Amino acid sequence: MLFIGDDWAEIHHDIEIEDGSGRVLARRRLPEGLAGITMLHELVAEHLDPAAEPDQVLIGIETERGPWVQALLAAGYVVFAINPLQVARYRERHSASGAKSDAADAHLLAEIVRLDRAHHRRIAGDSQIAEHVKIAARAHQTMIWSRVRQVNTLRSLLREYYPAALAAFGSDLAGRDALAVLTAAPNPDLGRRLSQSRIETLLRRAGRQRNVSSTAATIRAALSSEQLAARPGVIGAYTASASALLAVLSTMAAQTEVLAGQVEQGFGQHPDAEIYRSQPGLGVILGARVLAEFGDDPDRYADAKARKNYSGMSPITKASGTKRIVLARFARNRRLGDALFLQAFAALNNSPGARAFYDRQRARGTTHYQALRALANRLVGILHGCLRTHTLYDEHHAWHTEPDKLSSAA
């Protein structure tokens, strides 16, 4: 077997190859790209027994994404994505001086996969559909997060010179009504000049079909209300800044819908899509996010506990002497954690078993956040069982409760 440490950077990879006894067979700095991966294959062929299979090559690297990693997996090598924080802790074991170099990190990664690989997870062999869903779901979620940041910036800007806009639209500045009206009237003077019929026309063009007249009247009253005014000399600069932000938000809103379509398309093609959608609180978008972050490699999680630990929903225990503390896992996949919390919150309204479980947690004195985390942890276990047995969610079997009790809990 060969053990390889790969300390990667954007333009090069520091490589160290060791045998089973820890003897260093080769050290190289390889360029990123096709030339570099070809040189790596040549080094492997030079030192690997000709009768050995590619899975006799074990590689440690601090990432699980990118064409380089995909090329390693395509070659049949076993690749371990080591968390950079864990690598830093290993580095402290080997050197107390704080010294660091790319070559030393490559050696460290080779030693990790040679001696301690049982405690690390190899990169999962997810299907192409799962990879498609992961890329689209992450891009969709990133777009939403970026839009929220832009909305917060716009809100702060409007507070400085256009408080009537905040009175008209509140926190829904990224909504179609707000974007349509504020794009046409990005300053207080233009807002006061908008007529009822003009606002109704803007709302209809934006896609509103119901309550057009009443909504337009409410908006017009807010934009016409007396508000504190900014200095006249700075209104032009504020207007230009707000117009730019509104244009960005309009584009982001449109592209969010495009990405949502990609998520739905990929998720709908996955063989486990119906299992995910059968779970309480999971629709197409949330289900796609959970699938994307968990992956679909059937061998990735040994049991439900392993999946719960990866999700970050299961608690951790710190015990020393007579002291014992149970804490939440704050080091976790943020995207997955966000999706699971949203699922748990939504499940309260459409799953009597989930609602009863949450109420029991609250009755024990836990906070809303703690009870939701416990519920999300339970839902992950239920999902694992459904995926393992290829069965849809069943309320009775999931919560081991008699149907009449479920009805009373509802």
Please list, ordered by first then second residue, the pairs with beta carbon atoms under 8 Å, 6 or more apart or interchain, first in the stretch 326-348 and buried (at least 19 other Cβ atoms within 10 Å of the Cβ), second β-branched (Val, Ile, Thr) and in a helix (DSSP H, G or I). LEU336/VAL290; ALA339/VAL290; LEU340/VAL290; LEU340/VAL380; GLN343/VAL290
Would you point out the residue of the stretch 25-37, among those that are over 33 Å from the mean Cα position of the chain (by Cα) and open to solvent by less than 80 Å² (accessible area, probe 1.4 Å), that is nearest to GLU10 (Cα to Cα)? ALA26
Criterion violated by ALA229 - all others in (1) at pLDDT below 90; (2) among the aliphatic types (A, V, I, L, M); (3) open to solvent by less than 80 Å² (accessible area, probe 1.4 Å) satisfied: (3)
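Residue-by-condition table, conditions (1) open to solvent by less than 40 Å² (accessible area, probe 1.4 Å); (2) without any contact (Cβ under 8 Å) to a residue 40 or more places away in the chain:
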{"site": "GLN262", "(1), (2)": "no, no"}
{"site": "SER278", "(1), (2)": "yes, no"}
{"site": "ILE285", "(1), (2)": "no, no"}
{"site": "LEU291", "(1), (2)": "yes, no"}
{"site": "ALA302", "(1), (2)": "no, yes"}
{"site": "LYS308", "(1), (2)": "no, no"}
Scanning the stretch 47-80 for residues that are without any contact (Cβ under 8 Å) to a residue 12 or more places away in the chain and over 33 Å from the mean Cα position of the chain (by Cα), which turns out most open to solvent (accessible area, probe 1.4 Å)? PRO50
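Residues are listed down the side, and each one gets a yes or a no for (1) modelled with pLDDT of 90 or more; (2) not β-branched (Val, Ile, Thr):
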position: ALA319; (1), (2): no, yes
position: ILE325; (1), (2): no, no
position: ALA331; (1), (2): no, yes
position: ARG355; (1), (2): yes, yes
position: ASP359; (1), (2): yes, yes
position: ASN377; (1), (2): yes, yes
position: ARG388; (1), (2): yes, yes
position: THR391; (1), (2): yes, no
position: THR401; (1), (2): no, no
GLY207 vs (1) under 31 Å from the mean Cα position of the chain (by Cα); (2) open to solvent by 40 Å² or more (accessible area, probe 1.4 Å): all pass except (2)
Condition met for THR215 (assigned to a helix (DSSP H, G or I), touching a residue at least 24 places away in the same chain (Cβ under 8 Å) and open to solvent by 60 Å² or more (accessible area, probe 1.4 Å)): no
First in the stretch 361-374 and under 20 Å from ASP338 (Cα atoms), second anywhere and among the charged types (D, E, K, R) and open to solvent by 70 Å² or more (accessible area, probe 1.4 Å), Cβ under 7 Å, 6 or more apart: ALA371/ARG362
Looking at (1) within 27 Å of GLU293 (Cα to Cα); (2) modelled with pLDDT of 85 or more, which is the only condition TYR90 fails? (2)
Can you tell me which residue in the stretch 174-204 is surrounded by the fewest Cβ atoms within 10 Å (Cβ to Cβ), limited to those that are outside any helix (DSSP H, G or I) and among the small types (Gly, Ala, Ser)? SER195
Listed by range, helices (runs of 4 or more DSSP H) wholly within the stretch 286-384 having at least 2 residues that are of a type outside the set (A, V, I, L, M, F, W, C) and over 22 Å from the mean Cα position of the chain (by Cα) are 334-350, 352-363
Scan (1) closer than 30 Å to ALA137 by Cβ; (2) in contact with a Gly (Cβ under 7 Å, 6 or more places away or on another chain) for the single condition THR256 breaks and write down its number. (2)
Conditions: (1) under 19 Å from ALA339 (Cα atoms); (2) modelled with pLDDT of 90 or more; (3) aromatic (Phe, Trp, Tyr). TYR310 meets all but one. Number of the miss? (2)
Among the residues of the stretch 88-142, write down those that are of a type in the set (A, V, I, L, M), within 19 Å of the chain's Cα centre (by Cα) and not in a loop (DSSP other than H, G, I, E, B). ILE129, ALA130, VAL133, ILE135, ALA136, ALA137, ALA139
Being hydrophobic (A, V, I, L, M, F, W, C), within 38 Å of the chain's Cα centre (by Cα), surrounded by 12 or more Cβ atoms within 10 Å (Cβ to Cβ) and part of a helix (DSSP H, G or I) narrows it down to one of ALA254, ALA244, ALA237, so name that one. ALA244
Which of the residues belonging to the stretch 1-24 are open to solvent by less than 80 Å² (accessible area, probe 1.4 Å) and in contact with a Pro (Cβ under 9 Å, 6 or more places away or on another chain)? HIS12, HIS13
Can we say LEU40 is under 13 Å from ALA75 (Cα atoms) and open to solvent by less than 60 Å² (accessible area, probe 1.4 Å)? yes
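The values are calculated or read from the model by the stated rules, or taken from the named source; none is laboratory data. This is a predicted model, so every value here is computed, not measured. All Cβ positions, glycine included, derive from the backbone under ideal geometry; neighbour counts span all protein chains shown. The accessibility values were calculated without ligands, DNA or RNA, using every heavy atom of the protein model including side chains. Shrake-Rupley method; radii C 1.70, N 1.55, O 1.52, S 1.80 Å.
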